[in-house]
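J.: I'd like to ask some things about the structure below.
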Amino acid sequence: MKASRGCFLAVSLALTAFVAGVWAASPIIWQVSTQAELLEGEVENLSIDSAGRLLLAPATELVDETTAPFLWTILQTRDGAMYLGSGNEGKVFRVPSGGKATVFYDSPELEVHALAQGPDGSIYVGTSPEGKVYKVDASGSATAFFDPDDKYIWSLVFDRAGALYAGTGEKGVIYKIGPDGKGVPFYRTETTHAVSLALDRSGNLVVGTEAPGKVFRVDSQGKAFVLLDSAFREIHALRFDQKGNLYAAAVSSRPAAQETPADRAVPEAPRTTPTPSVSTEITSISIASVAVQPAPEQRTARRDDRRSLRGAVYRITPDGVWDAIWESRQDTPYDISFDADGGVIIGTGSEGKIFRVAGDPTQVTLLTRAAAQQVTMFMADSSGRNYYATANPGKLFRLGSARGDRGTYQSKVRDAETVAAWGTVSWRGSTPATSSIELYTRSGNTATPDSTWSEWAGPYKNSVGEQISSPKARYLQWKAVLAGKGEGPVLTSVTAAFLPRNLRPKVNEITVHPPGSVFQKPFSTGELEIAGLPEDATTTRPSTPPPSQQGQPVPPTGPALGRRIYQKGLQTFVWKSEDENEDTLVFDVLYRREGETSWKMLKRGLSDAIFVWDTTSVPNGTYFIKIQASDAPSNPPGMSLVGELESTSFDIDNTPPSVTMQGVRRQGDRYVLSFEVRDEQSAVQRVEYSLDADRWQRIYPRDGISDSRVELFDLVLDAEAATKSVVIRVVDAMNNVATARGEVKK
């Protein structure tokens, strides 16, 4: 806590100088302290554990770098040498113990996805896209061993009796091949591809498939049992641990809509492994690892939840119970291995991350990051040391048990959304003797750091807090460098403060509701409470809506409004506003009459975006209002900004129309009562008459439409009606009502 108080004290002192500028009053604190937050950045030779700690990663040693862009598979033979299957030239490299990689066999095909050592010591090579198995002796001399009709050889495994099984595509057939190279279909998976093969302790064949992603167990008689029907498209890798638990790496594949022309140039390669893009001249190569987006109607509710996942790792116990121990929306799992403590090691793409999963419940650690885009396969040697192959580029690494002595972490780029002034940067962690933590910062005005960004400033060595010396800009990034021996330093959180430039608030919209329309305050109790009406205003007005407004829907604008009611003489205004600094806003309401140029203050300091005006306080006429939004509550005196918006025009008319009788004339046996209706401000909306207090009947003006402030009417009555009492009722567009008595015949 002491360090925390010191940090924020330093922040306050550093930000004091900014108040004199055009900066927001309250600093924004950017803190990175959880695993999820740290995983948004980039690591080099560092681990991120489940507690959100940055530590020195296990030392990784580059064994060799091949000339191939992709290494798909690793095989260690009984003499200790390692063989690497590659693409895009279909070469097999041999790496002797302590030696360098040399080309052992150059196949006629483009890809080598499967390698196996036979009982006779020969190396068996599965190729694609021509789908052949070659037998290569110790000298590198090869003969075609098995040539099925299938296009792809994805996996090879020998059983205890020396029979070779080959998983193929595009028909998903598994072949059993004898020592003489003659093979027969052993099991048809009824999937598109039989991708991965393994043998369990009982000698049963375990198969992972693609389209769909299932795990089968097939006994020696070819009888299959589904162990896992996953929500993913492909089971890419299968691994058994020492307890007999089976681990399956499940991945999604790219929907056809996301294919690129380069992808379609691949010779029908279907897998979601890093897929080579090859033209006829093999002039360019790329790798794609993209999640599938299956159609919603093809999935159950549980599977819909996994549509955005890139992949998962399942654990299947010997009794058949399975669960997902790892899932990711960012990383695609390619292979699985185990460390000396029983932890599960997962190699992924497309950022070359290696994760460790251990514990119950499981805890996930980002163990390290490879110097390549994909970690394609693991291999544990006889001493328990883990090797892994990569793609983009094709390299072979050895993962050590001891920690390295130096690592770097770069945070994600923080967007201040406008030019900002930087405060202090501080951090928490531990630095044992002979270890250190140094922080650096840089800033720029492009979302992705480039040559226009500032150089790295620092190192900042005071964990309590140091002033960031990077120039003012919109974007900020920090970098941590950890160094030490043994366990080394531990970084648990980094905090940076900044003040964004104060931006002017905006009033985006003003809604002028129909005259007399007001709204009850939500959740109001007791007496009628009108939203937006000043407390000193009276509400003793008729509350029955006129016929012209009954049943009208409430426009979906402004704040939450309650039930609509009618109050004669009141006018409701609702507005929308925003402030990009997220400052608290207050509002002033001003008005002017049409023809005037100066604005008069109507109401100051409103906190809600609604106001009700008692219009009986001003003469009839056409008016405008203006809403001014101020961020003064969140800024020091003299530093606040104001945004404003003017409404459309609206009429105020609280005077009823007048009715002038113009006389009666006789037409045969009928009588015509003529009269004029005049209104000083608004149009005549509706005229009705009643005979001897009977029902109201509509009457229309001479021109047939009520649309002006002066209208002439002729009421035609028969002889009997002319003897009755006639009452005229007139309503103008502002719902003012007037009545008049008409005399026809005594």
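FYI, it's all coordinate maths here, none of it is from the lab. What you see is a predicted model, and the numbers here were worked out from it, not measured in a lab. Using ideal geometry, Cβ is built from the backbone for each residue, glycine included, and neighbour counts are taken over all protein chains shown.
J.: Which one of 142, 169, 235 is farthest out on the positive end of the charge dipole of the range 90-239, using unit charges on Cβ (Lys, Arg +1; Asp, Glu -1) and the Cα centre as origin?
T.: 235
J.: Per residue and in Å³, how big is the convex hull formed by the alpha-carbon atoms of the range 562-672?
T.: Cα convex hull per residue, to the nearest whole number: 173 Å³.
J.: For the ranges 499-508, 699-708, 182-191, what's the packing order if you count other beta-carbon atoms within 10 Å of each residue, average per peptide, and put the highest first?
T.: 499-508, 182-191, 699-708
J.: Using the Cα atoms as the points, what is the convex hull volume per residue of the range 607-650 in Å³?
T.: 103 Å³
J.: Now, a different point. What is the P(r) of the range 164-241, as percent of Cα-Cα pairs per 10 Å bin from 0?
T.: So the P(r) values, bin by bin, are 20, 56, 22, 2.
J.: I'd like the distance separating the alpha-carbon centroids of the range 104-122 and the range 48-90, in whole Å.
T.: Measuring centre to centre over Cα atoms gives 18 Å.
J.: For a protection proxy built on the mean count of beta-carbon atoms within 10 angstrom, sort 37-47, 471-481 highest first, please.
T.: Descending mean neighbour count gives 471-481, 37-47.
J.: Would you list, by chain and number, the lysines whose Cα falls below 19 Å from the Cα of residue 568, excluding same-chain residues fewer than 8 positions away?
T.: Once the sequence-local lysines are set aside, what remains near residue 568 is 521.
J.: In what sequence, highest mean first, do 618-625, 370-377, 158-165 appear when ranked by Cβ atoms within 10 angstrom?
T.: Highest-to-lowest ranking by the protection proxy: 370-377, 618-625, 158-165.
J.: Now for a different question. Only Lys, Arg, Asp and Glu count, each charged at its Cβ (+1, +1, -1, -1), so figure out the dipole size of the range 658-742 about its Cα centre, rounded to 20 debye.
T.: 120 debye
J.: Give me 460, 152 ranked fewest to most by other Cβ atoms within 10 Å of their Cβ, as a rough exposure proxy.
T.: With the sparsest Cβ surroundings first, the list reads 460, 152.
J.: Subtract the Cα-Cα distance of residue 697 and residue 371 from 0.36 nm times their separation in residues, and report this length gain in nm to one decimal.
T.: Additional length available on full extension: 108.5 nm.
J.: Once you put a point 7 Å from the Cα of residue 97 and another 7 Å from the Cα of residue 211, both along the Cβ direction, what distance in nm separates them?
T.: 4.4 nm
J.: Also: If Rh is defined by the Kirkwood formula over all Cα pairs and Rg also comes from Cα, what ratio Rg/Rh do you get for the range 658-742?
T.: 0.96
J.: On the Cα set of the range 587-746, report Rg and Dmax in Å, please.
T.: Here Rg and the maximum Cα pair distance are 23.5, 83 Å.
J.: Using the 2.2 N^0.38 Å rule of thumb for compact globular proteins, work out how the range 394-493 stacks up: its C-alpha Rg over that value, please.
T.: Here the Cα radius of gyration is 1.24 times the empirical estimate.
J.: Take the residue pairs 353/461; 100/353; 132/214; 176/223; 91/132 and return only those whose Cα atoms are more than 22 Å apart.
T.: Among 353/461; 100/353; 132/214; 176/223; 91/132, the Cα-Cα distance tops 22 Å for 353/461; 100/353; 132/214.
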